Amino acid sequence: MKNGGGRTSRIRRRKLFRSSESRGVNESYKPEFIELKKWLKDRRFEDATLIPARFPGTGRGLMSKTSLQEGQTIISLPESCLLTTDTVIRSYLGAYIANGTSEIPATALKLEKRVGSKEVFAESNLLQTKLELRSPSQFLRACGLFMAFVLGCGPGRRPLRKEDPLLDAFSEHGVYSPLGHSPSGSRTKPSDVCISCLFHILNESNSSNLDFHFKRWQPPPSPLLALCTFLVSEKHAGDRSPWKPYLEVLPKAYTCPVCLEPEVVNLLPNPLKTKAWEQRSHVQEFFSSSRGFFSSLQPLFSEAIETIFSYRALRWAWCTVNTRAVYMKRPPQLCLSPEPDTCALAPYLDLLNHSPDVQVKAAFNEETRCYEIRTATRCGKHKEVFICYGPHDNHRLLLEYGFVSVSNPHACVYVSKDILVKYLPSTAKQMNKKISILEDHDFIENLTFGWDGPSWRLLTALKLLCLEAEEFMCWKKVLLGEIISDTNEKTSLDVAQKICCYFIEETHAVLRKVSRMKDEVALMNQLTLVETLRTEELKILQASAKALTALQTAFT
Ligand SMILES: C[S@@+](CC[C@H](N)C(=O)[O-])C[C@H]1O[C@@H](n2cnc3c(N)ncnc32)[C@H](O)[C@@H]1O
């Protein structure tokens with residue numbers, strides 16, 4: 001048939017529509033991705049499997065160039081591309097964090113000692129051996145740290161000029177100077193440049209007045225603070241940052257609850273609302289407790305430190321790490337606080353979106369020294385490639401990643417203690433005792449409605465709360481899942497249905513409010529997020545109400 005009016009062509013059209021909907025729009029031509037690819041190539045990563053693309057349901061993600069088979073490695077990112085606490089400690093920030101135990105700061109310590117005596121600089125060619133530096137690049141890093149001290153700590157500090165050849169030399173060896181540089185095309189050997197520049201500094205300033213003391217901050221920063229500080233500082237460096245191609249593809253704003261406007265947070269379901277406020281206080285506290293450390297970094301910057309390390313900047317960095325870092329356990333570093341060091345930023349790999357329906361294996365391979373992701377789920381050519389961030393419900397996804405997954409099998413609606421009690425029959429007895437039994441046996445949290453109806457935990461809690469006075473001694477049996485009486489079964493189902501109806505009404509009311517606010521307030525993204533969450537919850541509640549009606553009919 002040619003005209004396309006029949007059943008077969010309707011099906012064909014639906015299929016075509018579906019496939020064009022799930023097919024992403026290639027974004028690899030965009031300048032930011034071209035730059036990122038170059039940057040990755042310089043770090044020995046080239047990808048023949050995936051390309052950046054934009055998808056209708058999930059936004060920006062990665063698309064397969066060919067079909068992917070179970071067990072196939074979809075990405076293998078070399079260690080040199082990863083941003084970890086090692087990156088931070090090896091950078092110009094290292095001197096402000098390290099306590100002399102790690103390699104480079106230890107080298108710098110030796111530098112520090114000898115600089116005071118001048119003796120070392122008398123024999124420039126001896127410098128490298130005297131300081132036991134193993135390679136020119138290590139030497140340059142030490143010089144980088146030295147520069148930071150000179151520029152930051154000494155009364156005789158000498159500002160670096162932009163065309164200073166030392167800066168080229170640093171940059172050539174991957175040492176980033178916070179003052180930045182413009183390539184001058186110098187052909188001098190980096191180590192010569194370094195040595196002569198150190199001489200120069202010493203000659204120009206009165207070295208005996210120089211105060212080369214480390215300005216290490218106590219207590220030591222946490223691994224998270226180290227990563228966030230580096231992100232903020234590099235972002236501030238703009239064009240001068242060697243991480244620029246990565247920073248350019250990072251989101252400018254996030255939708256984690258800490259970034260939501262208060263009127264939007266208030267539209268979230270109750271238990272999530274509480275966690276959202278807790279997240280805000282946590283990040284505010286993270287900021288206030290880090291301000292001392294930030295001010296210790298002032299010598300590295302010409303602008304006032306508060307303007308660089310503002311609350312907004314730290315919140316952006318916190319969200320970047322929280323929503324994008326991969327899990328990579330690293331040995332504790334003595335110069336950082338003892339919190340687990342488990343986050344690594346993995347450029348490009350972090351463009352992979354989440355799906356609860358796929359299975360992947362992801363880990364750092366000690367042999368290949370690459371962070372590898374292997375898929376256990378096939379993926380068609382030109383389809384979005386997903387990984388699974390974990391079996392998270394929508395509250396957790398929103399809290400930690402700032403999005404909601406549609407038709408998420410792990411999604412549920414939480415029932416709090418207050419709501420449980422509110423809908424119990426007014427004749428219910430021994431309520432305080434029953435509640436404390438539930439609390440003692442960990443049956444007061446995680447009571448939910450899901451796609452299949454009320455959870456076993458919710459029904460068990462309700463059955464215990466609905467026990468008649470003469471049944472009360474059977475409470476242990478209830479917790480073990482035994483049926484006590486038809487009355488008890490029926491009453492608890494009735495209460496579950498009432499709670500479910502209450503939630504359905506409440507959700508409808510919030511959805512109406514969101515729709516009104518969408519007309520009035522310029523918070524479209526944030527309101528759409530709440531709308532998606534509430535719409536998913538409505539679907540769950542309607543499915544639960546149906547399941548409950550079926551169960552109730554067994555007792556009528
Ligand atoms: C690791 S990044 C993935 C790449 C990201 N989409 C991007 O454009 O940079 C994680 C973030 O992607 C978004 N995301 C991941 N999976 C998603 C999904 N299934 N639907 C919508 N957004 C998703 C969320 O904003 C999340 O915080």
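If you go through the range 442-474 and keep only what is among the basic types (Lys, Arg) and either crowded, with 24+ Cβ neighbours inside 10 Å or in a strand (DSSP E or B) (or both), you end up with just 463. Among the residues here, residue 367 qualifies as among the charged types (D, E, K, R) and without any contact (Cβ under 8 Å) to a residue 24 or more places away in the chain. Condition first: within 11 Å of the ligand (Cβ to nearest atom), surrounded by 14 or more Cβ atoms within 10 Å (Cβ to Cβ) and either over 17 Å from the mean Cα position of the chain (by Cα) or within 19 Å of residue 57 (Cα to Cα) (or both). Can you find one or more residues in the range 363-382 that meet it? Within the range 363-382 (the criterion being within 11 Å of the ligand (Cβ to nearest atom), surrounded by 14 or more Cβ atoms within 10 Å (Cβ to Cβ) and either over 17 Å from the mean Cα position of the chain (by Cα) or within 19 Å of residue 57 (Cα to Cα) (or both)), the answer is no, since none of the residues qualifies. Find the residue count for the range 477-498, including only residues that are touching a helix residue (DSSP H, G or I) at 6+ places or on another chain (Cβ under 6 Å) and in a helix (DSSP H, G or I). Residues that pass the stated criteria total 7.
Take the conditions (1) of a type in the set (Val, Ile, Thr); (2) farther than 23 Å from residue 47 by Cα; (3) in contact with a strand residue (DSSP E or B) (Cβ under 6 Å, 6 or more places away or on another chain); residue 360 misses just one of them, which is (2).
No other residue among 318, 277 is aromatic (Phe, Trp, Tyr), without any contact (Cβ under 8 Å) to a residue 40 or more places away in the chain and in a helix (DSSP H, G or I) apart from 277.
Yes or no, residue by residue, for (1) of a type in the set (A, V, I, L, M); (2) modelled with pLDDT of 95 or more:
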site	(1), (2)
387	yes, yes
401	no, yes
408	no, yes
412	no, yes
450	no, yes
455	no, yes
468	no, no
473	yes, no
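Assess whether residue 290 counts as being more than 10 Å from the ligand (Cβ to nearest atom) and either surrounded by fewer than 19 Cβ atoms within 10 Å (Cβ to Cβ) or closer than 17 Å to residue 250 by Cβ (or both). Spelling it out, it is not the case that residue 290 is more than 10 Å from the ligand (Cβ to nearest atom) and either surrounded by fewer than 19 Cβ atoms within 10 Å (Cβ to Cβ) or closer than 17 Å to residue 250 by Cβ (or both).
Here 360, 385, 421, 415 are screened, and the one residue that is within 14 Å of the ligand (Cβ to nearest atom), of a type outside the set (Asp, Glu) and either over 30 Å from residue 35 (Cβ atoms) or surrounded by 20 or more Cβ atoms within 10 Å (Cβ to Cβ) (or both) is 385.
For first residues located in the range 254-268 and under 10 Å from residue 523 (Cβ atoms), partners that are of a type in the set (A, V, I, L, M) and within 13 Å of the ligand (Cβ to nearest atom) and lie 6+ apart or on another chain with Cβ distances below 9 Å form the pairs 260/529; 264/529. For the range 406-427, state whether one or more residues are assigned to a loop (DSSP other than H, G, I, E, B), at positive phi and in contact with a Leu (Cβ under 9 Å, 6 or more places away or on another chain). No.
Quick grid of which residues meet (1) loosely packed, with under 14 Cβ neighbours inside 10 Å; (2) in contact with a Pro (Cβ under 8 Å, 6 or more places away or on another chain):
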residue	(1), (2)
517	no, no
533	no, yes
538	no, no
544	no, yes
547	no, yes
551	no, no
555	yes, no
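Only one of the numbered conditions (1) under 27 Å from residue 42 (Cβ atoms); (2) part of a helix (DSSP H, G or I) is not met by residue 292, and that is (1). What are the residues in the range 238-260 that are out of contact with any Pro (no Cβ under 7 Å at 6 or more places or on another chain), more than 29 Å from residue 277 (Cβ to Cβ) and assigned to a helix (DSSP H, G or I), if any? Within the range 238-260, 238, 239, 240, 244, 245, 247, 248, 249 meet the criteria. For the range 48-66, filtered to residues that are away from the ligand (no atom under 14 Å from the Cβ) and out of contact with any strand residue (DSSP E or B) (no Cβ under 7 Å at 6 or more places or on another chain), the residue that is nearest to residue 254 (Cα to Cα) is 48. For the range 317-332, check the following and say yes or no: at least one residue is over 29 Å from residue 78 (Cβ atoms), surrounded by fewer than 15 Cβ atoms within 10 Å (Cβ to Cβ) and away from the ligand (no atom under 16 Å from the Cβ). No, the range 317-332 contains no residue that is over 29 Å from residue 78 (Cβ atoms), surrounded by fewer than 15 Cβ atoms within 10 Å (Cβ to Cβ) and away from the ligand (no atom under 16 Å from the Cβ). Consider the range 335-357. How many of its residues are more than 15 Å from the ligand (Cβ to nearest atom) and polar (S, T, N, Q)? Of the residues in the range 335-357, 2 are more than 15 Å from the ligand (Cβ to nearest atom) and polar (S, T, N, Q).
The values are calculated or read from the model by the stated rules, or taken from the named source; none is laboratory data. Note that the structure is predicted; figures quoted are calculated from it, not measured. All Cβ positions, glycine included, derive from the backbone under ideal geometry; neighbour counts span all protein chains shown.
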